[in-house]
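Take a look at the following structure, please.
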């Protein structure tokens, strides 16, 4: 499931918040049910509206493009790490985190145009290539 938080609101996870909140610590996140309140086989991502510079990708991207980037990122992680205990590297990054931004040059972010609309994506980590790939 994808939970989208509209513009003007933010999500909070403990003392951490998304864009618009008092303590920006994340742009989006994924998880699974906690058992008592939500079955653990329910996978979800929380998608706050990316209205702050801390969650902005490429200069030409709009907030909608930033949102697409996070939806792709968190949806893939919800599938590849659905129990929050799967593949991590030595630095604690999940596969999508390794290629989330690409440093100061944002080298791992790219656009694809389909049917006249430009979509925002990020490269994904490949164990076979040991690198970020399209």
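Being buried (at least 17 other Cβ atoms within 10 Å of the Cβ) and out of contact with any helix residue (DSSP H, G or I) (no Cβ under 7 Å at 6 or more places or on another chain) is the filter; apply it to the range 19-39 and report the residue that is nearest to residue 63 (Cα to Cα).
Checking each candidate, the answer is 20.
Do you know which of the residues in the range 93-134 that are outside any strand (DSSP E or B) and in contact (Cβ under 8 Å) with a residue 40 or more places away in the chain is farthest from the chain's Cα centre (by Cα)?
Just the residues of the range 93-134 that are outside any strand (DSSP E or B), to begin with: 93-108, 115-116, 123, 127-130, 134.
Those still in the list that are in contact (Cβ under 8 Å) with a residue 40 or more places away in the chain too: 101, 106.
Numbers: 101: 10, 106: 15 Å.
Result: 106.
Something else about it: Output the residue which, of all residues in the range 44-72 that are part of a loop (DSSP other than H, G, I, E, B) and within 18 Å of residue 2 (Cβ to Cβ), is farthest from the chain's Cα centre (by Cα).
First pass over the range 44-72, keeping only residues part of a loop (DSSP other than H, G, I, E, B): 49-52, 56-62.
Checking which are within 18 Å of residue 2 (Cβ to Cβ) leaves us with 49-51.
Details: 49: 12, 50: 11, 51: 14 Å.
Result: 51.
From (1) at pLDDT below 90; (2) in contact with a helix residue (DSSP H, G or I) (Cβ under 8 Å, 6 or more places away or on another chain), pick out the condition that doesn't hold for residue 42.
All conditions pass for residue 42, except number (2).
If you don't mind, another one. Hey, can you tell me all the residues within the range 26-43 that are closer than 22 Å to residue 80 by Cβ and in a loop (DSSP other than H, G, I, E, B)?
So the first thing to find is which residues in the range 26-43 are closer than 22 Å to residue 80 by Cβ, and the list is 26-35, 38-43.
Selection gives 26, 27, 28, 33, 34, 35, 38, 39, 40, 41, 42.
For (1) modelled with pLDDT under 85; (2) within 27 Å of residue 12 (Cβ to Cβ); (3) in contact with a helix residue (DSSP H, G or I) (Cβ under 6 Å, 6 or more places away or on another chain), each residue gets a yes or a no:
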| site | (1), (2), (3) |
| --- | --- |
| 50 | no, yes, yes |
| 72 | no, yes, no |
| 80 | yes, yes, no |
| 83 | yes, yes, no |
| 108 | no, no, yes |
| 130 | no, no, no |
| 133 | no, no, no |
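The values are calculated or read from the model by the stated rules, or taken from the named source; none is laboratory data. As the structure is a computational prediction, the values presented were derived from the model and not from experiment. Please note: Cβ atoms are built from the backbone with ideal geometry, for glycine as well, and neighbour counts cover all protein chains shown.
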